[in-house]
1. Is it the case that the range 113-120 has a residue that's outside any helix (DSSP H, G or I), surrounded by 10 or more Cβ atoms within 10 Å (Cβ to Cβ) and either outside the structural domain of Y44 (by TED's automatic domain parsing) or modelled with pLDDT of 95 or more (or both)?
2. Of the residues that make up the range 134-152, is at least one touching a strand residue (DSSP E or B) at 6+ places or on another chain (Cβ under 6 Å) and at pLDDT 95 or above?
3. Take the range 22-64 and flag every residue that is over 17 Å from the mean Cα position of the chain (by Cα), aliphatic (A, V, I, L, M) and over 22 Å from Y117 (Cβ atoms).
4. Can you confirm whether the range 87-103 contains a residue that is touching a strand residue (DSSP E or B) at 6+ places or on another chain (Cβ under 6 Å), of a type in the set (F, W, Y), assigned by TED's automatic domain parsing to the domain that holds A40 and surrounded by 15 or more Cβ atoms within 10 Å (Cβ to Cβ)?
Amino acid sequence: MRTRCPACGATLSLDALVAHDGAREALAAVFKLSGPLGSAVVRYLALFRPETRELTMDRVGRLLAEILPDIQAQRISRDGQVFEAPLESWIWGIEQSIAARDSGRLKTPLKTHGWLYEVISSYRPTAGQVVTDGTPRLTTGKQPSRTLSGIAALEDFKRGS
């Protein structure tokens, strides 16, 4: 059975895909990502595809191996600073990257993940979220309960803040 990746454009048989080391590693990495994030990462990989060629499975595997640890840690390092990178920031950053490509602000094919990391480093939770300790929390517009405020203060104390 022949398959074609909708993002990277690679075409090969499913048997060859599983037998190829780079392809197998890429599949394993993608399977660790699920839902909207997995879909976004697959679209992101298309930003690395040269206009006249397909991405090799080895390249796809390397690209995924470079970002997967940071996705799982939900933290990135950029210009010597560490930034919290919750899963929502990855999806947002990828969407920003694709929008920039579509508007002509981002030249492809990308060579590194630098542009994405720069965008993620500027991520701020959307309206309706408050970040006090790096964890987005939805706000309800109500005064916070004293019990929840006390628990948050204990958590901050435990972390040494």
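1. Checked against the condition, which is being outside any helix (DSSP H, G or I), surrounded by 10 or more Cβ atoms within 10 Å (Cβ to Cβ) and either outside the structural domain of Y44 (by TED's automatic domain parsing) or modelled with pLDDT of 95 or more (or both), the range 113-120 yields at least one hit.
2. No, every residue in the range 134-152 fails to be touching a strand residue (DSSP E or B) at 6+ places or on another chain (Cβ under 6 Å) and at pLDDT 95 or above.
3. Hits for the range 22-64 are A23, M57.
4. Step one: filter the range 87-103 for residues touching a strand residue (DSSP E or B) at 6+ places or on another chain (Cβ under 6 Å), giving none.
Checked the range 87-103: no residue is touching a strand residue (DSSP E or B) at 6+ places or on another chain (Cβ under 6 Å), of a type in the set (F, W, Y), assigned by TED's automatic domain parsing to the domain that holds A40 and surrounded by 15 or more Cβ atoms within 10 Å (Cβ to Cβ).
The values are calculated or read from the model by the stated rules, or taken from the named source; none is laboratory data. Worth saying up front: this structure is predicted, and the values here are computed from it rather than measured. Using ideal geometry, Cβ is built from the backbone for each residue, glycine included, and neighbour counts are taken over all protein chains shown.
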